[in-house]
Structure formats: structure tokens, C-alpha cells
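Written out below as C-alpha cells is the structure these notes cover.
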Amino acid sequence: MKKLNYLLLIGLVFIIAGCNNSDNIEDQEALIASELQIDDKIDDLTISKITLNEDYLDIEFSDELVVEGAMYFDQSPTMISIDYPLFKSKINFKDTELDLSKYDNICLVNYEEITKYIPLEWKVESTTDYWQLDDAKNGNIKIKLKIDDIIFSSDNMFPVQAKVKDVIAFDGKDNPEVITDPSVKNATVKLDIVAFGTDGAWALFKDKEGNTITIFDDGNTELHNNIKDIQPNSTEHQYQNTWFDMEYKTMSLPFYDGGTGNTFYKNVEVITSLKPAE
């Protein structure tokens, strides 16, 4: 994920680089990644941080970026087909000239920030994911987003990726309201242990009444962003006295049985949101 963040910002640079440049990209000189510095301007955006090595270019900006487009949900991630190109510039990175004007889709890495605005009646069950967006809505939902990090990678199946900072409009409505899923449960908890087994990783939490809530690690980014560097099966860790506000729900997920070679489904609890308690 760290490397993702690095490349993520590379795109931001590029994005920005093209906003006010000449429309004729063929006549533009490519920006040289190694020559960029803090406080440099790329179009109207100001660079606030740069990390450059042989594997990645990491650039952050002190400015924010707003994009509009149509949402496509496909087995996670959520894609947005943007109305106008973010990138109009070229950049020279690792002796390769990247033309950023050709990309009109963005993959949203924290897609859960979008999906929480989707009405429940628009969702249909899927055999390959928790749910799928109804075909009549897929690609027809207009959204407006504020993004603060962008990843560009020519080697990734999603060349342009971004992190959602705020949802400004959803399906034509400004300041949309989060849709409450009646299956979501809430608890204020402390982490007990993280356990690894043949069927994956599990995080065990204790609520204020002392009850244990066992959570399956399905790759939720909020879990990994808030719980880091934990030794498995140890109760001696830095989160012993940290309370979290947790939202979780029961999901039926596939598990592979190495003994029989079969895949079976079982109900497990997974996190939908995890934040330090106020």
C-alpha cells in the first residue's frame, strides 16, 4: 500500500501538470520528474512533498482536486469515467515519457466512500462479491468528488488511481446523505489479539461489556490503516488501551478446504468502518 501511495502521487503531479497547459500536447515538453522540487507549481497546484527513487515517484500537493463523472461499480473497485481529462501534460519518469492526456477513467482505491451513498434497492447479490450494482444504474450515476491523492502506474491494470477525500454530489444531489444499512452493527471496542489460521487472519475485539467480537480480515483498508505492526497471538501491543468505534456486518464468504479441495461458504463478521473513538 505504501508503494501504491507513492505512485499515487505521481499521477497527481501529472494530473495537475496538464490543467492549464497548451491543448496541443504534441508540442509540449515533458516535465522531468527528477527536477521537480517542493513549492514548484504544476499548473495551479503546489507541490508539498516529493519522494523519488528507482521504483516510484511520490508527489503530494497542498491543493485539492475536484473531478466529475459517471460511476461504474464492478466487483470492487469502483471506477469513475470522468467528464473531462485530468491530465493534458507529459512527464519523463525513469527515462520513459508518459502521455497523461489519454486517460479518462480513475479507479477509486477507497471505493467504500462511494458505495455508502448507494440506495439498497440499487444493489443486487453477486456470486463473486458482496453485491453488484444494478445494470440500469451502473454507468449512469453522476458523481462529483474531491480527491487528495492520485496514483499513476503504467504497469497497473488500473493506470490512474485516486483516493476519495469527500463526495460533493451523488446522482445529481449535492451533499448526499449516507444510506444506513440495517444489517450494520455498531460497537465501541478494544483490540484483544490478532490470530492467524489456515483460513486467514482474525482480529478479536472486546466491547465495553467484555464480550468478544471476532472479525475476519477480508482486506478492509480501515482495519489495516488503524491496526498496524501487530504481533500475531499477542495481547501485548500498542492498542491495549485504545478504544475504536467499529461498524461491522455478517457476510457469507468463500473459504477453500485444502483437505477436500472444495470451496464452501460460511458466515463471518467483517468490518465496514473502524475509527478511533472520540
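Is it the case that ALA277 is within 27 Å of VAL178 (Cβ to Cβ) and of a type in the set (A, V, I, L, M)?
Here the answer is yes, as ALA277 does meet what is asked.
Quick check on the stretch 162-180: of everything there that is touching a helix residue (DSSP H, G or I) at 6+ places or on another chain (Cβ under 9 Å) and open to solvent by less than 40 Å² (accessible area, probe 1.4 Å), which residue is nearest to GLN238 (Cα to Cα)?
VAL164
Check whether at least one residue in the stretch 105-120 is basic (Lys, Arg), within 21 Å of SER273 (Cα to Cα) and at pLDDT 85 or above, and report yes or no.
no
Please state which one of LYS137, LYS144 is in a strand (DSSP E or B) and either modelled with pLDDT under 80 or in contact with a strand residue (DSSP E or B) (Cβ under 9 Å, 6 or more places away or on another chain) (or both).
LYS144
Conditions (1) open to solvent by less than 50 Å² (accessible area, probe 1.4 Å); (2) under 18 Å from ALA277 (Cβ atoms); (3) modelled with pLDDT of 90 or more, marked per residue:
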residue	(1), (2), (3)
VAL184	yes, yes, no
ALA195	yes, no, yes
LYS206	no, yes, yes
ASN211	no, yes, yes
PHE216	yes, no, yes
ILE227	yes, yes, no
PRO232	no, no, no
HIS237	yes, yes, yes
PHE264	no, no, no
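Can you give me the number of residues within the stretch 190-215 that are charged (D, E, K, R), over 27 Å from THR263 (Cβ atoms) and part of a loop (DSSP other than H, G, I, E, B)?
2
Do you know which residues across the stretch 216-226 are assigned to a loop (DSSP other than H, G, I, E, B) and either of a type in the set (Asp, Glu) or in contact (Cβ under 8 Å) with a residue 40 or more places away in the chain (or both)?
Of everything in the stretch 216-226, those that are assigned to a loop (DSSP other than H, G, I, E, B) and either of a type in the set (Asp, Glu) or in contact (Cβ under 8 Å) with a residue 40 or more places away in the chain (or both) turn out to be ASP217, ASP218, ASN220.
Could you give me the residue pairs with C-beta distances under 7 Å whose first residue belongs to the stretch 29-43 and is closer than 13 Å to SER89 by Cβ, whose second residue is open to solvent by less than 90 Å² (accessible area, probe 1.4 Å) and in a loop (DSSP other than H, G, I, E, B) wherever it lies, and which are 6+ apart or on separate chains?
Between residues of the stretch 29-43 that are closer than 13 Å to SER89 by Cβ and residues that are open to solvent by less than 90 Å² (accessible area, probe 1.4 Å) and in a loop (DSSP other than H, G, I, E, B), the close pairs are LEU31/SER89; ASP43/CYS19; ASP43/ASN21.
Which of the residues belonging to the stretch 241-262 are in a loop (DSSP other than H, G, I, E, B) and either open to solvent by less than 80 Å² (accessible area, probe 1.4 Å) or touching a His at 6+ places or on another chain (Cβ under 6 Å) (or both)?
Within the stretch 241-262, THR242, GLY258, GLY259, GLY261 qualify.
If you check every pair at least six apart or on different chains, which have Cβ atoms under 6 Å apart with a residue in the stretch 90-114 that is more than 17 Å from ASP149 (Cβ to Cβ) first and a residue that is open to solvent by 40 Å² or more (accessible area, probe 1.4 Å) and acidic (Asp, Glu) second?
So the pair list comes out as LYS90/GLU97.
I'd like to know if the stretch 148-161 contains one or more residues that are surrounded by 14 or more Cβ atoms within 10 Å (Cβ to Cβ), more than 26 Å from GLU60 (Cα to Cα) and of a type in the set (D, E, K, R).
No, the conditions are met nowhere in the stretch 148-161.
If we keep just the residues of the stretch 121-133 that are modelled with pLDDT of 75 or more and either closer than 22 Å to HIS224 by Cβ or touching a strand residue (DSSP E or B) at 6+ places or on another chain (Cβ under 9 Å) (or both), which is least open to solvent (accessible area, probe 1.4 Å)?
LEU133
The values are calculated or read from the model by the stated rules, or taken from the named source; none is laboratory data. What you are looking at is a predicted structure, and each value in this text was computed from that prediction instead of being measured. When we count neighbours, we look across all protein chains shown, and the Cβ atoms used for this are built from the backbone with ideal geometry, even at glycine. All accessible areas refer to the heavy atoms of the entire protein, side chains included, with ligands and DNA or RNA removed. Shrake-Rupley method; radii C 1.70, N 1.55, O 1.52, S 1.80 Å.
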